[in-house]
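Since the structure comes first, as structure tokens, the remarks are kept for the end.
The values are calculated or read from the model by the stated rules, or taken from the named source; none is laboratory data. Nothing here was measured: the structure is a model prediction, and the numbers come from that model. Positions of Cβ are generated from backbone atoms using ideal geometry, with glycine treated the same way; all protein chains shown enter the neighbour counts. In case anyone asks, the SASA skips ligands and DNA or RNA and just uses the protein heavy atoms, side chains included. Shrake-Rupley method; radii C 1.70, N 1.55, O 1.52, S 1.80 Å.
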Amino acid sequence: MIIGAGPAGLLLGQLLHEAGIENVIVERQSAQYVLGRVRAGVLERTTVGLLERAQVAARLHSEGHVHDGIGLAFDGVLHRLDLRALTGHGVTVYGQTEVTRDLMNARTAAGCVSVYEAAHVSVHDFDGDRPFVRYTHAGQEHELHGDFIAGCDGFHGVSRASVPSAAIRTFERVFPLGWLGVLAHVPPCHPELVYASHERGFALCSQRTPTLSRYYIQVPAGAQLSQWPDTAFWDELRRRLPTDVADAVITGPAAEKSVTPLRSFVAEPMRFGRLLLAGDAAHIVPPTGAKGLNLAASDVCYLAAAVREYCCEGSSAALDAYSSRCLERVWGAVRFSCWLSALLHRFPDTTPFDRRLQSAELDHVVRSRAASTALAESYVGLPLEI
Ligand SMILES: Cc1cc2nc3c(=O)[nH]c(=O)nc-3n(C[C@H](O)[C@H](O)[C@H](O)COP(=O)(O)OP(=O)(O)OC[C@H]3O[C@@H](n4cnc5c(N)ncnc54)[C@H](O)[C@@H]3O)c2cc1C
């Protein structure tokens, strides 16, 4: 039983299906609503590998774009980090909406059961041998029984919230700022992603396709969309970029616009008897490191392997190791995402001394091959040990 049809739930469902293990997904929203959420867009090679294993990578390979480098802009100058030269690997730019669409289509083709628009979803008896999920659909109450419940229902889901507080420990840092994101049907301003650190705040030039761009600017915590008409957004974005990059920005009406708070959150452990948390249900990272979706994928890789081992070989060893294996990778991603966020943003309490330190560190990152390699290694992602 899988709660949530985000990337974690859908990929888990597909990996289990490939292993011959029956599963049902229960999702609160409609499929259209889930597909409409514009979020991540940078896939590590390990995530691409998992999507290949799940037999859903054909369109990713034909429409996704492999990027061998990223731009780092500060003091009005754009520097290039050659990810491939530094690590032997690049990243793939392919939108989360497209990953979700591919997984949904594969699930439908495989005949796996998904219940969308399920209300009042609740999880029960996961500390015993017979866990079950209760939900209402089209006015009727239903109960699902199975071996395990996978809580893939995101940060605000019901799974983590159902764990007794004495059994769980949480760690959180809320950054006093957010990202205002705009998706627009315009060509990207640069062939690769550009991360910009500027006196006025951070900016990111990202992209989805040669005709679809995703841009972000740092805004104060609590910023409202009504404060940011499209023209104000484009003007502010350009101010934070080196002149040649700013001049290449082509503007257009926002197809989507949203504010995301910056937060880091980890729940420990990630397993509670027969309830196992995965993805944003267990952890959130600031989007600066592009790790959220990739962590969701690595969690469900471990989870699918553990369930397969239990069902096919009768061993609980991988289930017992699930939490610690995931959390090792999670804290690595939290470290990188918090470090990169601190390096690139302006905080309300940033002092002139802090700004000089940021400049010195940015300089070090682009001048020192060792420092560039450390950033690049974390950005392209570490291999998954299964
Ligand atoms: C606005 C935004 C921008 C982001 N940008 C980036 C980015 O640029 N790069 C990056 O790497 N990551 C980014 N992320 C993070 C990334 O999108 C997430 O890490 C990823 O979506 C995690 O997938 P998930 O399946 O764990 O959770 P989700 O995608 O949140 O999916 C959880 C699913 O569970 C469902 N659900 C919730 N409650 C219930 C319930 N009670 N019952 C049933 N179903 C329920 C939800 O409707 C949802 O479909 C962003 C996140 C947000 C919110």
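Which of the residues spanning region 343-357 are closer than 21 Å to ILE217 by Cα, open to solvent by 50 Å² or more (accessible area, probe 1.4 Å) and part of a helix (DSSP H, G or I)?
Hits for region 343-357 are ASP354, ARG355.
Quick one: which strands (runs of 3 or more DSSP E) lie wholly within region 208-288 and hold at least 3 residues that are within 12 Å of the ligand (Cβ to nearest atom) and surrounded by 21 or more Cβ atoms within 10 Å (Cβ to Cβ)?
Here the list reads 212-220.
Name the single residue, out of those in region 123-177 being of a type in the set (S, T, N, Q) and farther than 23 Å from SER324 by Cα, that is farthest from the ligand (Cβ to nearest atom).
GLN140
Which residues, taken from region 321-342, are open to solvent by less than 10 Å² (accessible area, probe 1.4 Å) and within 16 Å of PRO176 (Cα to Cα)?
Within region 321-342, SER337, LEU340, SER341 meet the criteria.
Looking at LEU295 and the list (1) within 13 Å of the ligand (Cβ to nearest atom); (2) open to solvent by less than 20 Å² (accessible area, probe 1.4 Å); (3) touching a residue at least 60 places away in the same chain (Cβ under 8 Å); (4) not aromatic (Phe, Trp, Tyr), which single condition is not satisfied?
Going through the list (1) within 13 Å of the ligand (Cβ to nearest atom); (2) open to solvent by less than 20 Å² (accessible area, probe 1.4 Å); (3) touching a residue at least 60 places away in the same chain (Cβ under 8 Å); (4) not aromatic (Phe, Trp, Tyr), LEU295 breaks only (3).
Sort out which residues of region 300-320 are open to solvent by less than 30 Å² (accessible area, probe 1.4 Å) and either free of Cβ contacts under 8 Å to residues at least 60 places away in the same chain or in a loop (DSSP other than H, G, I, E, B) (or both), and write them in order of number.
Correct list: ALA306, ALA318, LEU319.
Report yes if ARG329 is among the charged types (D, E, K, R), modelled with pLDDT of 95 or more and farther than 30 Å from ALA161 by Cα, otherwise no.
Taking the combined requirement at face value, the residue does not satisfy it.
Go through (1) open to solvent by 30 Å² or more (accessible area, probe 1.4 Å); (2) more than 14 Å from the ligand (Cβ to nearest atom) for LEU81 and report which single condition fails.
Failed condition: (1).
Collect the residues in region 11-33 that are over 20 Å from HIS142 (Cβ atoms) and either aliphatic (A, V, I, L, M) or crowded, with 21+ Cβ neighbours inside 10 Å (or both), keeping them in residue-number order.
LEU11, LEU12, GLN14, LEU15, LEU16, ALA19, ILE21
In region 34-55, which residues are farther than 24 Å from ILE70 by Cα and either within 13 Å of the ligand (Cβ to nearest atom) or buried (at least 21 other Cβ atoms within 10 Å of the Cβ) (or both)?
VAL34, LEU35, GLY36, ARG37, ALA54
Cβ-Cβ below 7 Å, separation at least six or inter-chain, first residue in region 22-45 and hydroxyl-bearing (Ser, Thr, Tyr), second at pLDDT 95 or above and surrounded by 16 or more Cβ atoms within 10 Å (Cβ to Cβ): which pairs?
SER30/TYR116
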